[in-house]
1. What list of ³J(HN,Hα) couplings, whole Hz, do you get for the stretch 67-78 from phi and the Karplus terms 6.51, -1.76, 1.60, once you set θ to phi - 60° and write x for glycine and proline?
2. Is it possible to state the helix-based mean residue ellipticity at 222 nm for the chain, with each DSSP H run of 4+ residues giving -39500 (n - 2.57), the sum divided by total residues, to the nearest 500 deg cm²/dmol? What is it?
3. For K202, go through the lysines and keep the ones whose alpha-carbon is under 24 Å away, minus same-chain ones fewer than eight residues off.
4. Between D58 and Q213, with labels modelled 7 Å along Cα→Cβ, what's the label distance in nm to one decimal, could you check?
5. Quick check on the chain: of the DSSP beta bridges with both residues there, what percent are antiparallel, nearest 5%?
6. Angle check, please: helix 4-24 long axis (alpha carbons) against the longest principal axis of the chain (alpha carbons), in degrees 0 to 90, nearest 10.
7. Points 7 angstrom from Cα along the Cβ direction at R181 and L196: gap in nanometres?
8. In the stretch 179-215, whose amide N lies under 12 Å from the spot 7 Å out along Cα-to-Cβ of K167? List them in ranges.
Amino acid sequence: MLSKRSIRCIFTFIIAVCVVSSLAAAPKVEFVSETLDFGKVVCGNPIKATFTIKNVGDSELEIKGVRPSCGCMKAEAIKPKLAPGDSTTIVALFRSAGFNGPVNKSITVTTNDPQRDRVTLIIKADIAAVATMKPERLNFGSIKANESRTHLLLIYPGDPETFKITKIQPRGTHVSVPSFRKVKADTGDYWELTVLVKADDKAGRIIESISIQGGSDEASQLLVMVYGNIVK
């Protein structure tokens, strides 16, 4: 008959074996890349980021949560549970409208990996303006009553390949855009607009604007202010 001491040793050994076995048969998370850099992106264009996640452990991996760092992003795991050796993707959509310059957005992924239950994924981009205007505002100075004056407005797109003027809407009674054209240049295509201000016979300040649509959505809309002073 075994002694009490021997029984305790056997019992301790069995527990140790079970603990080691449970640790060995654990899920283990692995990402192909935890940071994606999209470089230059024109403001308003969405960024779709796809991260590949794999279970390189010995038991089922559960993706418990996928939490973006701000409301400008949505993210989800295509499959919430992965068998050993299986993989899936975490897809994130970042809306770049309203941003300018370098951005660094994160997604926190929580799993049942005992060694690494929380992973932070990073999305990087350099958000460029839809276009820059030269000058940024048009000041016609003093204009005599019933006379007209023109001014050139140059528009340099953030992405010359996709930017296209689809609509020009003067807002006011004195300003108009009689012509515009796309100019080819070695440094990149740009647009040239002829802006006309026609003074009436009433002296006073001119504060008007021109709305320029550079694409199909609201984020591609440009607004240039027009100033002047009608004198007798």
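1. Rounded to whole hertz, the list is 10, x, 7, 8, x, 7, 10, 10, 8, 7, 8, 5.
2. After summing the helix terms and dividing by the residues of the chain, the value is -3000 deg cm²/dmol.
3. Counting by Cα, and skipping residues close in sequence, K202 has these lysines nearby: K144, K232.
4. 6.3 nm
5. 85 percent
6. 30 degrees
7. 1.6 nm
8. The answer is 211-215, whose backbone nitrogens lie closer than 12 Å to the label point.
Any read-out appearing in this document is the output of simple, stated calculations on the displayed coordinates, not a laboratory observation. Model, not experiment: these values are computed from the prediction. Here Cβ is always computed from backbone atoms with ideal geometry, including for glycine, and neighbour counts include all displayed protein chains.
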